[in-house]
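Below is one structure, written out as structure tokens, with a few remarks after it.
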Amino acid sequence: MKKILIILATAVLPLIAVAATTSTKEEYLHKYARIAVNEMRRTGIPASITLAQGLLESGAGESVLATEGNNHFGIKCHKNWTGKTMKHDDDTKGECFRVYPSAEASYRDHSDFLRYNDRYKFLFDYKCTDYKSWAYGLKKAGYATDPTYPDKLIKIIETYRLNRYDVGKIEVESPIVLERPRKVVAPNEPECVHFDVCRPVFEKNGVECVFAEEGETYAVIADAYDLFLKEILSFNDLTEQRELRPGDIVYIRAKKDRTVKGLDKYIVAQDGETLYDISQRFGVKLKSLCKLNSLEPDAALVHEQDILLR
């Protein structure tokens, strides 16, 4: 009889372990679903993707990074991080990871990490309900080195029906709904404002601009829009003419002191970018960028450096 009892107990143990694991995952998803939905409303990142990544990266909230650093997405320090840090072995020994005051802060930083990095901006062309494209897109953009990363996310989403959150099937507390990030994070695709007799006029940050054509100069564009040369140079943060390349942005109205609400910063995509480049790209005055970031106009910027835009 004792032998039978031992055999039964041994057979039951794996089942209990599996049930506990499943329960832990469900508890995690239930606990953070509201935050993920709020982040979806704020930034446009599918709640299902955020939850699946959080669950996978944090081991349902039980990883060392999550328990000791509230880091649910395995985000490393990078050059722009100024908050608390902790060391943890990952791809190499003793790597630097971000530490957050709360799990909610980790979720918010994860959203901003995707939203403000150029390499992820194509993801925002996908619908919030298209979790499969987001999953494969994250792998394509280099979020994870695991070749099965998209499949793991999709399996989690479909196992726990997380895509139901992507259509808002959960109450949220008065979320702030911002514009789709791609409209402001991808300023190389500005909204067309109107056509005049010669060419289309576009807007960046609500400021009218045109794209230079082959052989054009600032003087030629100024004349076309009844502006003094000095005016158009001032609008583009210049004191004298410089060579224009086809496709260069030329503002025909004064740029603004800051970007629209919701686009707070830009993360430098590569070494060598300049504040002037960013100023033209986002329609913000160069002197305002210098003041916001306590930098000189010719400051050397480095990959993943934060540049405040408002």
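The values are calculated or read from the model by the stated rules, or taken from the named source; none is laboratory data. Computed from a prediction, not measured in an experiment: that's the story for all the values here. Reconstructed Cβ throughout: ideal geometry from the backbone, glycine too, with neighbour counts over all protein chains shown. Only protein heavy atoms, including side chains, enter the accessible area calculation; ligands, DNA and RNA are left aside. Shrake-Rupley method; radii C 1.70, N 1.55, O 1.52, S 1.80 Å.
Some observations on this one:
- Selection within segment 71-80 - under 9 Å from ARG98 (Cβ atoms) and either of a type outside the set (A, V, I, L, M, F, W, C) or part of a helix (DSSP H, G or I) (or both): ASN71, LYS76, HIS78
- Meets criteria (at pLDDT 85 or above, among the aromatic types (Phe, Trp, Tyr) and farther than 30 Å from LYS79 by Cβ) for PHE202: no
- Residues in segment 117-137 that are open to solvent by 40 Å² or more (accessible area, probe 1.4 Å), more than 14 Å from the chain's Cα centre (by Cα) and either basic (Lys, Arg) or more than 12 Å from GLY44 (Cα to Cα) (or both): LYS127, LYS132, TYR136.
- Some residue of segment 226-245 being in contact (Cβ under 8 Å) with a residue 60 or more places away in the chain, in contact with a Phe, Trp or Tyr (Cβ under 6 Å, 6 or more places away or on another chain) and not charged (D, E, K, R): no
- Of all residues in segment 284-310, those that are under 27 Å from ILE252 (Cβ atoms) have Cβ atoms under 7 Å from Cβ atoms of residues that are among the basic types (Lys, Arg) and open to solvent by less than 30 Å² (accessible area, probe 1.4 Å), 6 or more apart or on another chain, in VAL284/LYS255; LYS285/LYS255.
- Positions within segment 255-310 being open to solvent by 20 Å² or more (accessible area, probe 1.4 Å), of a type outside the set (Ser, Thr, Tyr), over 26 Å from ARG108 (Cβ atoms) and assigned to a loop (DSSP other than H, G, I, E, B), in sequence order: ASP271, GLY272, LYS285, GLU296, PRO297, ASP298, ALA299, ALA300
- When restricted to residues that are assigned to a helix (DSSP H, G or I) and either modelled with pLDDT under 90 or over 19 Å from PHE211 (Cβ atoms) (or both), segment 232-254 contains 1.
- Residue in segment 90-105 that is part of a helix (DSSP H, G or I) and either within 17 Å of LEU56 (Cβ to Cβ) or at pLDDT below 90 (or both) present: yes
- Among the residues of segment 38-64, the ones that are within 21 Å of the chain's Cα centre (by Cα) and open to solvent by less than 30 Å² (accessible area, probe 1.4 Å) come to 17 in all.
- Filtered residue count, segment 216-250, keeping only those that are more than 17 Å from VAL201 (Cα to Cα), of a type in the set (D, E, K, R) and open to solvent by 60 Å² or more (accessible area, probe 1.4 Å): 6
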